[in-house]
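Q: Okay, handing you the structure first.
The values are calculated or read from the model by the stated rules, or taken from the named source; none is laboratory data. Owing to the predicted nature of the structure, the values given are computational and were not obtained by experimental measurement. Cβ sites come from the backbone with ideal geometry, for glycine too, and all protein chains shown count toward neighbours.
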Amino acid sequence: MLWTESLTTGVRKIDELHREFFDRLHSLMEDDLCSRGSPEESLDLVEICAMAFFDEEQRLHEAYEYPRAESHKIQHDGYLNAFRRVKGKLISEGLTLANVLAFNRCAVECIKRHILEHDRDFAEYCKMQADL
Ligand SMILES: [Fe+2]
C-alpha cells in the first residue's frame, strides 16, 4: 500500500498524516502480514494504526470546527467495523485468496476512496477557512 501523489489533498498537515499512515500500513503488510503463518499480531497492529490515524484526523476536524465532522466520523467507524470483520475472517479462516482480496478492498481501496472524497472535502474546507 503505497502513497501516490494522486492522493494529495493540498493541506500539508492532512497529507503528512496520510503519508505516515500509508507508510506504516505498507511496512506492516509487506514485512509482517505476508511473511507470518499467523497474521493476528500484524492485523492487531494495522487496527491500532488505523484507529490512531482516524483519531488524529478527527482531532483536526475538531480543531478546525469542521461542520461535517460527525458524518466523517461515521465513515471512519464504518471502515473500522469492516476491517474488524475481515480481520476476524483472516484469523479464523487464514490467508485464503478471498480473505486477502477482502482485506485489500477494505484496507486499501476504501481508504483511498475515502481520502479522495471525504478527506479532500475537509481539505477544501481548511483552505476556505485560511482564505477568510
Ligand atoms: Fe477521514
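Q: If you take the residues in the stretch 47-68 that are assigned to a loop (DSSP other than H, G, I, E, B) and within 12 Å of the ligand (Cβ to nearest atom), which one is surrounded by the fewest Cβ atoms within 10 Å (Cβ to Cβ)?
A: If we take residues in the stretch 47-68 being assigned to a loop (DSSP other than H, G, I, E, B) and within 12 Å of the ligand (Cβ to nearest atom), then Arg68 is surrounded by the fewest Cβ atoms within 10 Å (Cβ to Cβ).
Q: Now a separate question. Starting from residues that are farther than 20 Å from Arg19 by Cβ and out of contact with any helix residue (DSSP H, G or I) (no Cβ under 9 Å at 6 or more places or on another chain), keep the ones in the stretch 89-124 and report whichever is nearest to the ligand (Cβ to nearest atom).
A: Among residues in the stretch 89-124 that are farther than 20 Å from Arg19 by Cβ and out of contact with any helix residue (DSSP H, G or I) (no Cβ under 9 Å at 6 or more places or on another chain), the one nearest to the ligand (Cβ to nearest atom) is Leu101.
Q: Please work out if Ala107 is in a helix (DSSP H, G or I) and modelled with pLDDT of 90 or more.
A: Taking the combined requirement at face value, the residue does not satisfy it.
Q: Right, Tyr79: part of a loop (DSSP other than H, G, I, E, B), within 15 Å of the ligand (Cβ to nearest atom), aromatic (Phe, Trp, Tyr) and closer than 30 Å to Gln129 by Cα or not?
A: Considered against the rule, which asks whether it is part of a loop (DSSP other than H, G, I, E, B), within 15 Å of the ligand (Cβ to nearest atom), aromatic (Phe, Trp, Tyr) and closer than 30 Å to Gln129 by Cα, Tyr79 comes out as no.
Q: For the condition in a helix (DSSP H, G or I), closer than 23 Å to Glu117 by Cα, of a type in the set (Ser, Thr, Tyr) and in contact with a Leu (Cβ under 9 Å, 6 or more places away or on another chain), what is the one hit in Ser6, Ser71?
A: Exactly one of Ser6, Ser71 is in a helix (DSSP H, G or I), closer than 23 Å to Glu117 by Cα, of a type in the set (Ser, Thr, Tyr) and in contact with a Leu (Cβ under 9 Å, 6 or more places away or on another chain), namely Ser6.
Q: What's the number of the condition Ser71 fails, among (1) surrounded by 13 or more Cβ atoms within 10 Å (Cβ to Cβ); (2) of a type in the set (S, T, N, Q); (3) more than 24 Å from Ser27 (Cβ to Cβ)?
A: Ser71 satisfies every listed condition except (1).
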